[in-house]
Amino acid sequence: MCIVGKGLGRVTLRGPFLFFILFCVIVQVLPSTLLDKTLSYMAQEELHVGQIVLVALRNRPCLGIVWALGSEGGKAGGGAAGAPSFKLKPILQSFPFYFSTQNLQFLEHFAQYNLFSKGFLLKMMLPFSVESFQKMIQEKEAAAAPQEAFDFSAPIALNTSQAQAARQLVAQNHFGVTLIDGVTGSGKTEVYLSVLSETLQKSSRKQALLLLPEIALTKASLLRFQKYFQTKPWIWHSNTTPAQKQKIWLAALSGAPCVVIGARSALFLPFSHLAMIIVDEEHDPSYKQNEQGTYQARDMAILRGKIEDVPVILASATPSLETVQNVKTHKYDCVLLPTRFSEAQLPHLHVVDMRLEQDFALLSQPLAQALSRALQRQEQALLFVNQRGYAPVSLCRKCGFKWQCPSCAVYLIEHKAAGHLLCHHCGYVQPLPFRCPQCESEKSRLVLGVGMERVLETVQKTFPKARCLCLSSDTLSSKKRWDQAMEDIHNNNVDILLGTQILAKGHHFPNLTTVGIIEADRNASGCDLRANERTFQLLQQVAGRAGREQKPGHVFLQTFAPESPLLQALCQNDRDPFYDYELADRQQHAMPPFKMLIALILSGRKETDVQREARRLAQTFPLATATLLGPAPAPLSKLRDTYRYRLLIKGDKGTALQNGIKAWAKSENPAVSLVVDVDPYDFL
Ligand SMILES: [Zn+2]
Ligand SMILES: [Zn+2]
C-alpha cells in the first residue's frame with residue numbers, strides 16, 4: 001500500500017489505519033540525509049533489504065533504502081527508541097528498485113573507512129531529489145534505454161609484451177589488484193581494453209567501470225575507445241547532463257550490460273553486475289577528493305572490487321609509492337611494459353644547469369636553441385610552467401611589503417593580461433597597484449617568480465613568428481575551448497604550447513618533439529609528504545609527451561640543483577633508486593604507506609574559538625596506541641576569512657584507528673566546523 005500526495009508531510013497513523021498495523025512489519029530505513037543511523041518505519045507490504053523507499057523525515061519526504069527488516073538496532077522514525085510500533089510512521093512509497101547486497105556492503109565499509117555518515121554516502125549513491133526520482137520512475141521506459149552493444153569481434157593488435165601482459169590479466173576471474181606498469185607511450189590502454197573485451201565476452205557479468213582523472217576524459221580518449229569497439233562508452237563526470245546521468249544510473253542498478261568511463265564520482269554508481277574495474281593513471285592526485293567528504297577514489301575502487309570479488313586493474317607510467325610498496329610486498333600483482341609501442345624511443349633528457357648560464361634568462365641557451373630547431377623543422381614544442389598568471393609574488397622594493405589576499409593567508413598572483421592581482425583560493429581581485437599601501441612609494445612593485453604569462457612574453461620576444469597557445473585551467477574553463485585547442489594542436493596550428501600540469505596527463509601529440517621544463521626544482525606542492533613523489537611523477541609525465549612517434553624526442557630540464565636524487569633518477573631513466581630512497585625515507589619517519597594518517601581541520605570565523613576547540617580535542621584524544629600531532633595553524637592558516645587549525649593523527653593501518661576516533665572527532669562548538677580527512681593528500 002502506498003500513501004502519497006500533497007499532504008504526505010502530515011501523515012500519521014490514527015483511527016482506521018490502526019487496523020492495518022496488525023498486519024504491518026517494522027523495517028530499518030537508512031535515509032539519504034546527513035544522518036548516520038537507520039530509523040524504524042512501518043511497512044504495510046513486503047519489502048526487501050536494499051529496496052528504495054520514500055519516507056517522511058522531520059515531516060519532509062525523503063528517499064532512503066531498507067537497511068534491515070525488524071526493529072533491532074535502530075531508532076524509531078516517529079518517536080523515541082523503543083516506541084510502541086503504532087507510533088511509527090509508515091513507509092510512504094516503495095519502488096521496485098534494489099541496491100545489491102554488495103552495494104550495501106560497499107556503502108557501509110566506505111563510510112566506516114572514511115568516517116562518513118552512511119546517509120551522506122547514500123546521497124552520493126542515490127543522487128536525486130524526491131521529485132526527480134519519482135519523475136524518473138514514471139519515465140523509466142524511455143530512460144532505461146540500453147547502451148549500444150559493443151563490437152568485440154575485431155581483436156586489438158598487441159605487440160609481444162602487451163600480449164603477454166593481457167594474457168596474465170585475462171586469467172583473473174576473482175578479486176586481485178594488478179598494476180600495468182608501462183613507460184609512457186607503451187600502450188597500456190590497448191592492454192586493458194583488450195582485457196576488458198575478453199572479460200566482458202566470457203563473464204556472465206556484463207558491466208565494467210573505467211576510472212580516469214576528470215581532465216583526461218576528453219574526446220581523444222573516447223575516440224580511441226570507439227575505434228576498438230565501434231561504440232561510444234557512457235561518460236560520467238561533472239558535465240554529464242541530468243538526463244544522461246539518470247540513464248546511466250538506471251542501467252547500472254538494473255544490471256544492464258554497460259561500460260562506463262568516469263571520473264571518481266562514477267564509483268558511486270549502483271552497479272549490480274560488475275565484472276571488472278580499471279583505474280587508469282592510478283597515481284593521479286585528482287583521485288583524491290578534497291572537498292565535501294574526502295576519499296581516495298583509487299583505494300575505494302579497490303575496496304569495491306574486493307566486495308564484488310572482481311579483478312581491479314591499475315595503470316600508470318609513474319605508479320604511486322603506495323602501489324609500488326603493495327607490489328613489493330606481493331599484495332598486488334604487476335605486469336611490465338618496458339618499451340614504447342611501435343618504433344618510438346624514449347626521449348633524450350638534457351639537464352640544463354642554470355648556474356652555468358651567462359645571463360639569467362627564463363629560456364636557457366640549450367632550450368632556446370632546441371626551440372629554434374623545432375620551429376625550423378615544423379615540429380611542436382611544449383614548455384611546462386606549473387604556475388598560472390604572470391608572477392606568484394609582488395613585492396615593494398622600498399619597504400618589502402608583499403601583496404596578500406585580505407581573506408586568505410596567501411600572496412596575490414599577478415595576471416598581467418587581465419591587469420589585476422588575483423587570489424587563486426577565493427577569487428579576490430584588485431587592479432594592478434600603482435602605489436605601495438605600506439610606504440606609499442609609487443611604481444615600487446617588483447615581481448618574483450615565474451608564471452606562464454611571463455614565459456609566454458619571453459617566448460614571443462625570442463620567436464616573434466611562433467604560434468603560441470597557453471593551456472591552463474584559467475584559459476580553458478570550457479570543454480568546447482579545450483576540444484578546440486586539442487584540434488589546433490593535432491592540425492599543427494600551434495608551434496609552441498605552454499601548459500601547466502593539465503598538459504601532463506595522457507595526451508598524445510604526434511608532432512611534439514621538444515619539451516622544456518622551465519623550473520624543474522619547483523615542487524608540485526610545498527607542504528606535502530608526497531611533494532617529491534608528485535614532482536617526479538609530473539616531470540616524468542611531461543617528459544613523456546615528447547617524441548611519441550617516429551621522430552626522436554628531447555627534454556630539457558632547467559635546474560639549479562642538477563645533483564638532486566630526483567633529477568638524477570629522471571635523467572638516467574631509472575626510477576627505482578628514487579622510489580627506494582623515498583620509501584626508505586617514509587619508513588624512517590613512520591609515514592604512509594607504512595603508517596596511516598588522519599587529519600582533522602577545524603575552522604571558524606573567530607581564531608580564539610578555533611584554537612580553543614583544537615586544544616580541547618587534543619586534551620581528550622582517546623587513543624593510547626596512536627600519536628597525535630598538533631594542534632597547529634594549518635599551512636593555509638586563513639582561507640576565505642575563516643581561521644584553520646590542524647590536528648594530525650598517526651597510527652597503524654586498519655580501521656581500528658577510525659573506530660577509535662569516531663565518537664571523539666566532533667566539534668562541540670557550533671561556530672567551529674570540523675573536517676576529518678582519512679589518508680590526507682592536501683596538507684594545506
Ligand atoms: Zn612599500
Ligand atoms: Zn583569497
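The values are calculated or read from the model by the stated rules, or taken from the named source; none is laboratory data. Small disclaimer: the values here were computed from a predicted structure and weren't measured. Note that we place each Cβ from the backbone using ideal geometry, even for glycine, and neighbour counts take in every protein chain shown.
Mind checking which pairs have a first residue in segment 650-661 that is free of Cβ contacts under 8 Å to residues at least 40 places away in the same chain and a second that is of a type outside the set (Gly, Ala, Ser), Cβ under 6 Å, 6 or more apart or different chains? From segment 650-661, the pairs are Gly660/Leu623. Look at segment 161-184: where a residue is free of Cβ contacts under 8 Å to residues at least 12 places away in the same chain and a partner is part of a helix (DSSP H, G or I), sitting 6+ places away or on another chain with Cβ atoms under 9 Å, you get Ala163/Val191; Ala163/Ser194.
Residues considered: Lys480, Lys461. Of these, the only one that is more than 24 Å from the chain's Cα centre (by Cα), in the same structural domain as Val555 (by TED's automatic domain parsing) and either in a strand (DSSP E or B) or not hydroxyl-bearing (Ser, Thr, Tyr) (or both) is Lys461. Being touching a Leu at 6+ places or on another chain (Cβ under 6 Å), touching a residue at least 40 places away in the same chain (Cβ under 8 Å) and more than 14 Å from ligand 1 (Cβ to nearest atom) is true of Leu456. Restricted to segment 594-641, and to residues there that are in contact (Cβ under 8 Å) with a residue 40 or more places away in the chain, assigned to a loop (DSSP other than H, G, I, E, B) and touching a strand residue (DSSP E or B) at 6+ places or on another chain (Cβ under 8 Å), the residue that is farthest from Tyr681 (Cα to Cα) is Lys606.
The residues of segment 406-457 that are hydroxyl-bearing (Ser, Thr, Tyr) and within 12 Å of Ser394 (Cβ to Cβ), listed by number, are Tyr411, Ser444.
No other residue among Glu453, Glu357 is surrounded by fewer than 21 Cβ atoms within 10 Å (Cβ to Cβ) and away from ligand 2 (no atom under 16 Å from the Cβ) apart from Glu357.
Return the residue satisfying two criteria in turn: it lies in segment 554-591 and is within 26 Å of the chain's Cα centre (by Cα) and hydrophobic (A, V, I, L, M, F, W, C), and of such residues it is farthest from Ser364 (Cα to Cα). The selected residue is Ala590. Would you please name the residue that is nearest to ligand 2 (Cβ to nearest atom), looking only at residues in segment 366-411 that are hydroxyl-bearing (Ser, Thr, Tyr) and within 19 Å of Cys470 (Cα to Cα)? Filtering segment 366-411 for residues that are hydroxyl-bearing (Ser, Thr, Tyr) and within 19 Å of Cys470 (Cα to Cα), the one nearest to ligand 2 (Cβ to nearest atom) comes out as Tyr390. Would you be able to tell me the number of residues in segment 437-450 that are under 15 Å from Gly389 (Cβ atoms) and either surrounded by 14 or more Cβ atoms within 10 Å (Cβ to Cβ) or within 14 Å of ligand 1 (Cβ to nearest atom) (or both)? Result for segment 437-450: 4. Screening segment 373-436 for strands (runs of 3 or more DSSP E) wholly inside it with 3 or more residues that are away from ligand 1 (no atom under 16 Å from the Cβ) and assigned by TED's automatic domain parsing to the domain that holds Thr535 returns the ranges 380-384.
Just one of the listed residues (Leu498, Leu469, Leu446, Leu503) is more than 28 Å from the chain's Cα centre (by Cα) and either more than 30 Å from Ala584 (Cβ to Cβ) or without any contact (Cβ under 8 Å) to a residue 60 or more places away in the chain (or both), and it is Leu446.
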